[in-house]
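Peer 1: Quick one: the structure is below, and I'll ask about it shortly.
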Amino acid sequence: MHLSSLYRFPLKSGSAEELTEARCDALGLVGDRRWMVVDAATGKFLTQRVLPRMALLHARWRGDSTLELDAPGMEPLQVPVPDAQGVALGVLIWRESLQAPDAGDAAAAWLSRLLDRPCRLVHLPATQGIQIDQDYARPGERTAFSDGFPFLLIGQRSLDDLSARVGQLLDTRRFRPNLVIAGSAPYAEDHWRRIRIGDMTFRVVKPCSRCIIPTIDPLTGEQSPNREPLTTLLSYRKGDGGVFFGQNLIAEGSGALSVGMSVEVLD
């Protein structure tokens, strides 16, 4: 088995960035989901669940201190990382409330125009982070603006099986994984507890419950009229608490990953 694809999402619910190598810190892939769009009035996080057009929002790191925003019909905008001690905004991501540095009026105006609603852009410093649910994590283990966990893994053969059931080749990016593993049997990842990729060890802590986002085409931002692949997943991957595809991981330490690295199941 080997790591066949590696994805980073600099902006929560923005488009995927495919990488060949990446460093990992205490919050996940360095630069992954460190930015988030929030409602200007409430501070509540915004995603493709209510704004499918966010699939077309390209956010890319330019060095370590600048984010570039781009989208169809918009001029690119360079956004400096805000001062961690500067103006902070009270934000809400699921049940977690925190103060996050605000990225300024230019970014807010750009995103508000794109998404046709008042919003702000916030950044999460690497020294901050959000405590992972301690039903699955140890005290002090943190994540960025992800949906609960720092890494998401899917098996390529699992995706191939789902594509065959749907009758359509499904783009990996619909499922927003960080890590794609080739060479394992379909759904083998359901039974893993600890794995090693290169020199890094990960705990496989929880199946990933799926929302409506996989029904949104990452290339067009359009939602599937027949709610695929969620409709098919519901027919054979439903369990207590939702419908599941992929696994959430927590790294044991930091390190580096690159495509082609071997994958070993430890437990």
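The values are calculated or read from the model by the stated rules, or taken from the named source; none is laboratory data. Since we're looking at a predicted model, the values are computed, not measured. Note: ideal-geometry Cβ built from the backbone for every residue, glycine included; neighbour counts use all protein chains shown. Protein only, heavy atoms only, side chains kept; ligands, DNA and RNA dropped before computing areas. Shrake-Rupley method; radii C 1.70, N 1.55, O 1.52, S 1.80 Å.
Peer 1: For region 238-252, give me each residue that is open to solvent by 40 Å² or more (accessible area, probe 1.4 Å), out of contact with any Ser or Thr (no Cβ under 7 Å at 6 or more places or on another chain) and at pLDDT 95 or above. So that I can check it myself, show each step before the final result.
Peer 2: To start, the set of residues in region 238-252 that are open to solvent by 40 Å² or more (accessible area, probe 1.4 Å) comprises 238, 240-241, 252.
Restricting the remaining residues to those that are out of contact with any Ser or Thr (no Cβ under 7 Å at 6 or more places or on another chain) gives 238, 240.
Result: 238, single match.
Peer 1: Just to be sure I understand, how many residues within region 189-214 are closer than 29 Å to residue 55 by Cα, free of Cβ contacts under 8 Å to residues at least 40 places away in the same chain and of a type outside the set (Lys, Arg)?
Peer 2: 1
Peer 1: Run down 38, 91, 81 and say which single residue is surrounded by 21 or more Cβ atoms within 10 Å (Cβ to Cβ) and farther than 24 Å from residue 173 by Cα.
Peer 2: On the way: 38 fails: farther than 24 Å from residue 173 by Cα; 81 fails: surrounded by 21 or more Cβ atoms within 10 Å (Cβ to Cβ).
One residue alone meets the criteria, 91.
Peer 1: Can you tell me how many residues within region 215-264 are under 15 Å from residue 3 (Cβ atoms) and in a loop (DSSP other than H, G, I, E, B)?
Peer 2: Step one: list which residues in region 215-264 are under 15 Å from residue 3 (Cβ atoms), which gives 246-247, 249, 251, 255-264.
Restricting the remaining residues to those that are in a loop (DSSP other than H, G, I, E, B) gives 259-261.
Count: 3.
Peer 1: Moving on to the next point. Which of the residues that make up region 82-125 are more than 21 Å from the chain's Cα centre (by Cα) and among the basic types (Lys, Arg)?
Peer 2: Passing the criteria: 113, 117.
Peer 1: Additional query: Is it fair to say residue 73 is surrounded by fewer than 13 Cβ atoms within 10 Å (Cβ to Cβ), under 20 Å from residue 217 (Cβ atoms) and in the same structural domain as residue 123 (by the TED database)? Steps first, please.
Peer 2: Numbers: surrounded by fewer than 13 Cβ atoms within 10 Å (Cβ to Cβ): yes; under 20 Å from residue 217 (Cβ atoms): yes; in the same structural domain as residue 123 (by the TED database): yes.
When the stated conditions are applied, residue 73 passes them.
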